[in-house]
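Q: Below: one structure in structure tokens.
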Amino acid sequence: MNAADCAKRRRVLAGLAVSVAAVLVSVAGVVAQNVDPQSLVGQWDGNWTEKSESKVNGRYYITIERVEGNRVFGRGEVHSRSGKTEFQFVRTLQGNHLTYGRDNVTDLTIDGNRMEGTAIGRTNWRVKLNKQNELPVTIFSTHPLRRARVACDLLHDRHGALADERDWHRMGAHALTRERPAWGALKRAAQEDQWRG
């Protein structure tokens, strides 16, 4: 093999290496962009831990209020020995990284419903956050028949009440003196409280 062939082979290998590196960088960029910015909206909570001493830790909360394009609007709350610190931020989401803060820069990597990263500056913390469920749904444990009875107690006159659910329907002269069941129950409860009191 002569020197010209070696030089040609090196140029081909160098070009191939550059091409492979470019493909890997673009794939890493695509993987990093897999975060849907709107999925960040909501309450995130977790802990911070001092890197040098894991026994020193506290609660860390952020609430992402809205996302416009890649701009993230949020507020946070950190609990430490010195008390509670609250802050607000507006930052740009870069791939799967959210970075905010001036004196204490927090850099979080987003992975689904988790964020992990560091807070470095005045502190040297590891931060781990989990997204909380959406707003809690209130489930009433009352029986469906009871709910229907309460609903008919609240419907008066023409406001969506059927004829037999109206207070005045099929009532004689005593219609005006009739005590509504819900009102009567409230009045009795108040009287019982006075007697106990």
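Q: Would you work out the charge dipole size for segment 63-118 about its Cα centre, treating the Cβ of every Lys and Arg as +1 and the Cβ of every Asp and Glu as -1, and quote it to the nearest 20 debye?
A: 120
Q: What order do you get for 51-60, 94-103 when each peptide is scored by the mean count of other beta carbon atoms within 10 Å, highest first?
A: In decreasing order of mean packing, 51-60, 94-103 become 94-103, 51-60.
Q: Starting at the first residue of segment 82-93, write each ³J(HN,Hα) from the Karplus equation 6.51 cos²θ - 1.76 cosθ + 1.60 with θ = phi - 60°, in whole Hz, x for Gly and Pro.
A: 7, x, 9, 10, 10, 8, 10, 8, 9, 9, 9, 6
Q: Add +1 for every Lys or Arg and -1 for every Asp or Glu among the other residues with Cβ under 15 Å from the Cβ of residue 51, and state the total.
A: Here the charged neighbours net out to 0.
Q: What nm distance separates the two modelled labels at residue 126 and residue 88, each placed 7 Å from Cα along Cα→Cβ?
A: Rounded to a tenth, the inter-label distance reads 3.3 nm.
Q: Working out 0.36 nm times the residue gap between residue 80 and residue 39, then minus their Cα-Cα distance, what length gain in nm do you get to one decimal?
A: 11.9 nm
Q: Now, a different point. Residue 89's amide H: which non-local residues (gap 5+, or another chain) put their own amide H closer than 5 Å, with H modeled 1.01 Å from N in plane and none for Pro or chain starts?
A: 74, 75
No value in this document is a laboratory result; all are computed from the given coordinates. It should be emphasised that the depicted structure is a prediction, and the values quoted were computed from it without experimental measurement. Positions of Cβ are backbone-derived with ideal geometry, glycine not excepted, and every protein chain shown enters the neighbour counts.
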